Amino acid sequence: MKVVLQRVTQAQLSIDQQVHAQIGRGVVLLVGFGQADQPANADYLAAKIVKSRIFEDSQGKTNLALADVQGEILSVSQFTLYANTKKGNRPSFVEALNPEAAQQLYDYFNQRLAASGLKVQTGIFGADMQVQLTNDGPMTIIYEN
């Protein structure tokens, strides 16, 4: 499982030129699943992300987690995180989990995030989505499990 986290001041996700989801201060998560991923991978990364101290306290140190700043989450499915670009010029996605299993894990992952009490917005799995965001910092972190 791979997650690219971007700390944001705001973000919105549109589908067919209609705003589908939007958040204020928080994180945008680009989420991808590989062939071997299981619910335990989603459990681990959901807990890790929720507890990550990536927001600044009053002294300017990154000591605060999402809950401490009433942060929100925009979670976006992203199978292209498993692109293999070693051969040729066209990426291969054979390392990505099949769509049916990936959607189940994606839904499960988002449920685990929401169980923490945070506001979680999502896109639509497999849809053509446009994401606009204001990266805060910028701070971008890659989580793998």
| Acute angle (nearest 10 degrees) that the helix 39-51 long axis makes with the longest principal axis of the chain, alpha-carbon atoms | 30
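Relative contact order of the stretch 72-145, please, whole-number percent, based on alpha carbon pairs below 8 angstrom and at least 6 residues apart.
Taking the mean separation of contacting Cα pairs over the length of the stretch 72-145, I get 39 percent.
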| How far is helix 99-115 tilted off the main Cα axis of the chain, in degrees rounded to 10, range 0 to 90? | 10
| note | Two pseudo-spin positions, 7 Å from Cα along C-beta at Ala127 and at Gln59, lie apart in nanometres by 4.4
| note | Within the under-13-Å Cβ sphere about Gly126, not counting Gly126, Lys/Arg +1 and Asp/Glu -1 give a net charge of -3
| task | Would you work out the relative contact order for the chain, in percent, from Cα pairs under 8 angstrom that are 6 or more residues apart? | result | 38
| note | Across the stretch 2-108, qualifying lysine pairs (alpha carbons under 22 Å, at least 8 places apart or different chains) come out at 6
| task | Would you mind telling me the antiparallel percentage of the DSSP bridges in the chain, rounded to 5? | result | 75
| request: Name the most mobile residue of Gly34, Gly71, Gly88, meaning the one with the largest mean-square fluctuation, in a Gaussian network model of the chain with Cα contacts below 10 Å. | output: Gly88
| Exposed trypsin sites (Lys or Arg not before Pro) absent - longest run of the chain, DSSP non-H/G/I/E/B, at most 11 other C-beta within 10 Å | 1-60
| field | Label-zone membership for the stretch 96-140, site Val19, 7 angstrom Cα→C-beta point, backbone N under 12 Å | value | 132
| message | Between the stretch 83-145 and the stretch 22-77, what is the separation of their alpha carbon centroids in Å? | response | 12
| said: In whole Å, what are the extents of the stretch 66-129 along the principal axes defined by its C-alpha atoms, from largest to smallest? | reply: 45, 24, 19
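Quick one, can you get me the convex hull of the C-alpha atoms of the chain expressed as volume per residue in Å³? Let's see the in-between values first.
Numbers: hull volume 16.6 nm³, N = 145.
Considering the Cα atoms of the chain, their hull volume per residue is 115 Å³.
A short reminder: the numbers here are calculations on the coordinates, not readings from a lab. Just so it is clear, the model here is predicted, and its values are computed rather than measured. Neighbour counts are summed over all protein chains in view; Cβ atoms, including those assigned to glycine, are modelled from backbone coordinates with ideal geometry.
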